[in-house]
Amino acid sequence: MAIIEVKNLHKIYDETNVPVKAVNGIDLKVEKGEFTAIVGPSGSGKTTLLNMIGGLDKPTKGEVVINDTKIHDLKSKDMINFRLMNIGFVFQAYNLIPVLTAKENVAFIMELQKVSRKDRNQRAMELLRNTGIGDKANYRPGDLSGGQQQRVSVARALASKPQFILADEPTANLDSKSTADLLDMMLEMNRESEITFIFSTHDQRVIDRAWRVVTIEDGKISSDKTREN
Amino acid sequence: MLTIFKIAWRNLWRNKRRTLITTASVFFAVLLALVMRSMQLGSYDNMVKNAVSFYTGYIQVHKAGYWEDKSINETFEYTKSVEDEIKSEAGISSVTPRLESFALASSGNYTKGSAVIGTDPKKEAEFTQLNKNVTQGEYLKSRDKGILVGSKLAEYLRIKVGDSIVLYSQGYHGITAAGEYPVRGILDFPNPEMNKQTIYMSLSEAQYLFGAPNMLTSLAIMIDDPAELNEKVSDLKNKLGDQYEVMDWKEMMPELMQEIQADNAGGIVMLAILYVIIFFGILGTIMMMSMERKKEFAVMIAVGMRKVKLIAMMFFETIIIGLLGVIIGAIAGFPINLYFHFNPIHLSGRAAEAMEQFNVEPIIPFSMDPAYFLNQGIVVVIMTLMAFIFPLVFLIRFNVIKGMRN
Ligand SMILES: Nc1ncnc2c1ncn2[C@@H]1O[C@H](COP(=O)(O)OP(=O)(O)OP(=O)(O)O)[C@@H](O)[C@H]1O
Ligand SMILES: [Mg+2]
């Protein structure tokens with residue numbers, strides 16, 4: 001069964017003089033355990049699509065169903081809670097609270113979820129170890145490299161035990177070595193723990209390693225390829 | 001909530017210098033305001049206390065209409081019932097009866113107008129400590145037949161202790177008043193005007209001189225707590241009825257009142273300026289702290305943090321910035337004010353002269369009114385809350401998508 005179902009999704013930005021059809025009729029299903037890359041030229045609508053899947057932006061038309069919930073019918077307060085409980089986010093930058101350590105950042109999400117202190121500290125350490133940066137648990141983001149920060153971000157995204165992780169260009173600020181390492185880590189999470197990833201990227205090396213590649217042009221899906229193994 | 005507070009606290013120290021500058025500006029403004037106001041209010045209390053205990057008292061009772069032309073004809077009878085009526089009012093510390101008028105004082109070829117004050121020597125000593133102004137000779141005994149003369153007046157009349165002078169005047173209802181009085185002592189006041197014209201004698205002698213037995217021109221009243229002045233005045237008015245006029249020092253010494261009001265207005269303007277500085281200091285910092293973190297806020301909301309938590313976080317940040325300066329300012333200001341409360345500043349030069357004109361001792365003891373410290377705190381808290389309106393509105397209107405795109 002699909003955990004994400006996008007139906008006839010449209011987004012028109014009309015605050016400007018010329019209305020922009022950022023997303024123009026997208027249908028998409030994502031199954032549990034998929035590792036999906038959304039690719040396409042700049043301005044094609046990747047971020048807009050991911051924001052609507054993540055419940056950050058409202059579609060002009062169409063709907064997003066996550067595990068039987070039509071998320072855009074939720075009241076904004078419920079939406080925030082839905083995000084907190086179901087979706088892990090990784091952004092290109094500014095992911096972490098700069099004044100909290102890596103461990104505190106990961107634990108903070110669980111605190112919002114009202115997980116007990118003991119459990120969240122334990123799980124935060126475990127996740128940091130799994131994402132390969134257990135030794136940096138007490139560092140603040142500013143003292144970590146870009147790649148290390150993104151690992152913490154993935155750990156933070158995983159902390160809430162989400163249905164899937166949504167990542168908008170998670171490697172855009174990383175050098176090729178860090179990109180490869182982060183991708184290895186994500187793929188391993190995907191393989192070992194069946195974590196569903198859906199992310200956008202420009203990077204051909206990232207695209208090459210994705211299981212499924214959905215290409216968007218002008219707000220529409222132009223191709224959707226799943227690698228055969 | 002604890003984590004939110006922790007984040008807020010740490011956020012403040014992300015830009016240490018900015019936070020320190022803002023805190024320091026609040027600190028100095030609060031310190032200045034506290035010390036300045038404490039000094040100002042203390043000086044007013046001192047001026048009033050000195051002025052009233054020098055002569056008028058906080059309150060005087062006269063026959064209705066006396067104050068207008070201060071005629072010896074406008075006297076009232078000193079009955080026990082009047083005195084009892086006044087003393088029955090709580091919070092009255094002393095009541096001094098006086099009969100005052102004018103007379104020509106002469107000795108040999110020298111003659112000069114003078115103010116003759118008949119009083120109860122014992123009560124007067126308790127009230128104005130007139131006995132301490134005697135620099136030569138002795139203070140009056142009760143029912144004394146002698147007089148005390150201001151130092152400049154004595155100089156003019158070429159007299160010293162043991163000599164006599166003659167007083168001429170018009171007494172009660174036009175009778176001739178005249179008498180010869182031995183000088184018991186010489187008075188020296190800080191106020192030169194008083195030195196030039198004052199003559200004190202016992203009440204009984206003055207009543208005899210002016211042909212007004214058992215009559216008074218005034219009862220001068222001291223009260224325990226100057227803050228209760230208005231209440232006491234209206235109580236006495238009610239008790240005594242409209243045959244009498246009850247006046248407070250503000251009516252009797254309007255120049256002093258005006259002096260205080262003018263000075264106080266200046267102080268309030270200064271305070272307002274300081275407060276505006278504090279306000280904009282806090283506001284500017286809190287504005288920057290909001291604007292520069294748009295992306296951070298956007299991510300925090302995206303991952304599932306409710307806006308109320310962000311608002312709480314910014315509230316802590318704003319309050320800490322405001323209160324840190326206030327608290328340190330108050331802590332620093334308190335001992336300064338306390339010190340000068342018990343060790344008043346002694347003035348010299350023109351300021352001292354000006355104060356002496358009002359019979360005020362030229363010192364400034366600082367006020368230690370706790371209400372004053374509290375008020376300062378409340379004002380800064382209110383301003384901090386006003387500054388908080390910016391991040392509040394900013395966060396309420398905050399849009400995650402726009403925040404991320406910027
Ligand atoms: N808030 C907005 N207001 C107006 N126009 C917008 C807004 N967000 C996106 N757009 C426009 O919608 C279109 C799609 O933008 P989007 O950010 O989704 O593209 P993208 O595929 O993520 O591009 P990139 O690869 O550069 O990140 C663009 O033309 C963009 O200018
Ligand atoms: Mg994008």
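What follows is calculated from the coordinates using simple rules that are stated; it is not laboratory data. Just so we're clear, the structure is a prediction, and the values are computed from it rather than from any experiment. When we count neighbours, we look across all protein chains shown, and the Cβ atoms used for this are built from the backbone with ideal geometry, even at glycine.
Compute the label zone of B:Arg143 within the range B:79-123: residues whose backbone N is under 16 Å from the point 7 Å along Cα-to-Cβ. Within reach of a label on B:Arg143, which here means backbone N under 16 Å from a point 7 Å along Cα→Cβ, the range B:79-123 contributes B:119-123.
For the protein assembly as shown, the residue among B:Asn11, A:Pro162, B:Pro254 whose Cα projects farthest onto the positive side of the dipole built from Cβ charges is A:Pro162.
Packing, taken as the mean count of other beta carbons within 10 Å per residue, orders the peptides A:42-49, B:158-165, B:18-25 from highest to lowest as A:42-49, B:18-25, B:158-165.
The GNM of chain B, with springs linking C-alpha atoms under 10 angstrom apart, assigns the highest mean-square fluctuation among B:Met252, B:Met36, B:Met289 to B:Met289. At a temperature of 25 °C and a viscosity of 0.890 mPa s, determine how fast the range B:65-241 diffuses translationally according to Stokes-Einstein, using the Kirkwood radius over alpha-carbon pairs as Rh; express D in µm²/s, rounded to the nearest whole number. Answer from the Stokes-Einstein relation: 145 µm²/s.
In the P(r) worked out for the range B:358-406, what percent of Cα pairs fall beyond 12 Å?
Working: 901 of 1176 pairs.
I get 77 percent for the Cα pairs in the range B:358-406 exceeding 12 Å.
Sorted on the mean count of surrounding Cβ atoms within 10 Å across their residues, most packed first, peptides B:201-207, A:175-181 read B:201-207, A:175-181.
Per-residue mean of other chain beta-carbon atoms within 10 angstrom of the beta-carbon, peptide A:91-98? Working shown, then result.
Working: counts 6, 2, 3, 10, 6, 4, 9, 6.
Taking all residues of A:91-98 together, the mean is 6.
When the gyration tensor of the range A:108-229 is built from Cα positions, what are the square roots of 5 times its three eigenvalues, in whole Å, from largest to smallest? Present the calculation step by step, with values, prior to reporting the outcome.
Numbers: eigenvalues 153, 56, 34 Å².
Its equivalent ellipsoid spans semi-axes of 28, 17, 13 Å.
Between B:Ile389, B:Ile336, B:Ile92, the Gaussian network model of chain B with springs among Cα atoms under 10 angstrom shows the greatest mean-square fluctuation at B:Ile389.
Here the 3J(HN,Hα) profile of the range A:149-165, calculated from phi with Karplus coefficients 6.51, -1.76 and 1.60 at θ = phi - 60°, is 4, 5, 5, 4, 4, 5, 4, 4, 5, 6, 4, 7, 6, x, 5, 7, 10 Hz, Gly and Pro shown as x.
What's log10 of I(q)/I(0) for the protein assembly as shown at q = 0.10 Å⁻¹, Debye sum over Cα points only, no solvent? These q points yield log10 I(q)/I(0) values of -0.91.
Apply 1/(1 + (r/R0)^6) to the Cβ-Cβ distance of B:Glu353 and B:Glu68, taking R0 = 22 Å, and write down the FRET efficiency to the nearest 0.05. Mind showing how you got there, number by number?
Values: r = 31 Å, r/R0 = 1.40.
E between B:Glu353 and B:Glu68, to the nearest 0.05, is 0.10.
Charged side chains reduced to their Cβ positions (Lys and Arg at +1, Asp and Glu at -1) give chain A a dipole of some 580 debye around its Cα centre. Since only B:Met404, A:Ile221, B:Ala312 are under comparison, the one whose Cα sits farthest along the positive direction of the charge dipole of the protein assembly as shown, derived from C-beta charges on Lys, Arg, Asp and Glu, is A:Ile221.
For the range B:48-95, what D do you get in µm² per second when you plug the Kirkwood radius from alpha-carbon pairs into Stokes-Einstein at 37 °C and 0.692 mPa s? Don't skip to the answer; put the middle values down first.
On the way: Rh = 12.4 Å.
The Stokes-Einstein estimate is 264 µm²/s.
GNM on chain A, alpha-carbon springs under 10 angstrom: the most fluctuating residue among A:Val213, A:Val18, A:Val64 is A:Val18.
With both residues required to sit in chain A, DSSP beta bridges show an antiparallel share near 60%. For chain B, the Stokes-Einstein estimate of translational diffusion at 20 °C and a viscosity of 1.002 mPa s comes to 84 µm²/s, using the Kirkwood hydrodynamic radius over alpha-carbon pairs.
Take every residue in peptide B:304-310, count the Cβ atoms of other chains within 10 Å of its Cβ, and give the average of those counts. Don't skip to the answer; put the middle values down first.
Values: counts 16, 7, 6, 3, 1, 1, 0.
Per residue, the average neighbour count from other chains is 5.
Simple spin-label estimate for A:Lys32 and A:Tyr139 gives 3.5 nm between the two label positions (7 Å along the Cα-to-Cβ direction from each Cα). What share of the DSSP beta bridges in chain B is antiparallel, in percent to the nearest 5? Given both bridge residues lie in chain B, the antiparallel proportion sits at roughly 85 percent.
Counts of other chain beta carbons within 10 angstrom of each beta carbon in peptide B:293-303 average 6.
Treating only the Cβ of Lys, Arg, Asp and Glu as charged (+1, +1, -1, -1), what charge dipole size does the protein assembly as shown show about its Cα centre? Round to the nearest 20 debye. Please list the in-between numbers first.
Values: 71 positive and 71 negative charges, 678 e Å.
With only Lys, Arg, Asp and Glu charged at Cβ, the dipole is about 3260 debye.
Scalar couplings 3J(HN,Hα) for the range B:182-191, obtained by applying the Karplus form with A = 6.51, B = -1.76, C = 1.60 to θ = phi - 60°, are x, 7, 8, x, 10, 9, 10, 10, x, 8 Hz; x denotes Gly and Pro.
Taking the DSSP beta bridges with both ends in the protein assembly as shown, the antiparallel portion is around 75 percent. Over chain A, DSSP H runs of length four or greater, each weighted -39,500 (n - 2.57), average out per residue to a 222 nm ellipticity of -11000 deg cm²/dmol. Farthest toward the positive end of the dipole of chain B, out of B:Gln129, B:Ala387, B:Gly377, is the Cα of B:Ala387, where the dipole comes from beta carbon charges about the Cα centre. Once the Cβ-Cβ distance of B:Asn214 and B:Ile382 is raised to the sixth power relative to R0 = 60 Å, the FRET efficiency obtained is 0.55. With R₀ fixed at 51 Å, the C-beta to C-beta distance from B:Glu155 to B:Glu228 puts the FRET efficiency at about 0.75.
Quick one: dipole size for the range B:1-152, taken about the Cα centre, charges +1 on Lys/Arg Cβ and -1 on Asp/Glu Cβ, in debye to the nearest 20.
Working: 21 positive and 15 negative charges, 331 e Å.
My answer is approximately 1600 debye.
Taking max minus min of the alpha-carbon positions on each principal axis, the range B:42-158 gives extents of 50, 38, 28 Å, largest first. For the range B:389-403, 3J(HN,Hα) computed residue by residue from phi via the Karplus equation (6.51, -1.76, 1.60; θ = phi - 60°) reads 4, 4, x, 4, 5, 4, 6, 4, 8, 5, 10, 4, 4, 5, x Hz, glycine and proline entered as x.
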